[in-house]
Amino acid sequence: MADLSSNAPPNQIWVAVKKQKVWIASGILLLLVAALSPDQARDSLGFVAQSLLTTAPYLLLSIGIAAWAVATGADNLIARAFTGSPVLMIFLAALAGGLSPFCSCGVIPLIAALLTMGVPLSAVMAFWLASPVMDPSMFLLTSGVLGFEFAIAKTLAAIGLGVAGGFIVMALAGSHILHDALRDGVGNGGCGAAKIRNPKTVVWRFWNHGDRVEKFGKEAFKTTLFLAQWLTLAFLLESLMLAYVPAETITSVLGGTGIGPIAIATVVGVPAYLNGYAALPLISGLMEQGMAQGAGLAFLVAGGVTSLPAAIAVWALVKPRVFTLYIAISLGGAFMIGLAYQGWTLI
């Protein structure tokens, strides 16, 4: 742990604080609630504990999948999605983005590698759009919080958005928008390039290798801390939302079956989305108060694709006009997905 004593350098203290910023935010929020309403603080703590206990089986499965992917090297399989005809690449890239347990920290170097190695932007866009919305861990948590049917819908939405975006980019090939798409100075992708050029063999029986067992343990610990901090904050926010936001307000703004609530949820999802794990219990609480299911899905899709990590990955590598296209496809696709799912739930 970082030394937080008075003798620690200021920059070291700041780094340690940044690493714990989510826990600190939860603590400050709880202290504020306790100062204003001790009973609500006690109720919120109970709500957080009960919610974590309810989702514990899904959390354990999610942590196991994330650690398994790193220990076995299964993320190397993503390299196989970018070979073949352009149409095939779009479908495989969308599947890889929506279904693979790919580590978010490797997205930028991986995408840089794909772009600079000549992989068509259509396939890259398909991966970009699908990747932030769904992965196996997210599927399990979505099933636990919002139900299996909603998790299936979100998975299909991720893949469908990726495929649609890929074909839109393919149709615009040769246009000014896609000409010279890369930013100046984008390199060969570093470690991400190695996965594309020389994909390593996946070691399924990782427990026979001491170094891979160590990787499993480290990844499991890291994922546990990540999920614990974000879900604690999310459930705390949900408890306050349920306590102080009138249900009739949610119903009037985001309820119903019209286009309006879905359009609002699509736009609101951009600034309000914390991350994929934190958003699930928040949407669950909103749905309990009358939010339409189509609006909920639109919020999760729009928020996921335009979330800060996902957007930064795109902005860092391509020219602003390509980034604008990415945002337009994201929001337009999320809105259409919300409409389609809302229509499905009414059948």
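Each reported figure results from applying straightforward, stated rules to the coordinates on display, with no laboratory input. Everything numeric in this text was worked out from a predicted model, so none of it was measured. Neighbour counts run over all protein chains shown; Cβ positions are idealised from the backbone, glycine included.
Taking label points 7 Å from Cα along the Cα-to-Cβ direction, Glu288 and Leu182 give a separation of 4.9 nm.
Each label point was placed 7 Å from the Cα along the Cα-to-Cβ direction; for Tyr244 and Phe148 their separation is 3.8 nm.
Above 17 Å, the calculated P(r) of the range 198-237 contains 51 percent of its Cα-Cα pairs.
At q = 0.12, 0.18, 0.20, 0.26 Å⁻¹ the log10 of I(q)/I(0) for the range 275-347 amounts to -0.38, -0.73, -0.84, -1.11, computed by Debye summation with a single uniform scatterer per C-alpha, solvent ignored. Working from label points 7 Å from Cα in the Cα-to-Cβ sense, the Arg321 to Ile259 distance is 2.9 nm.
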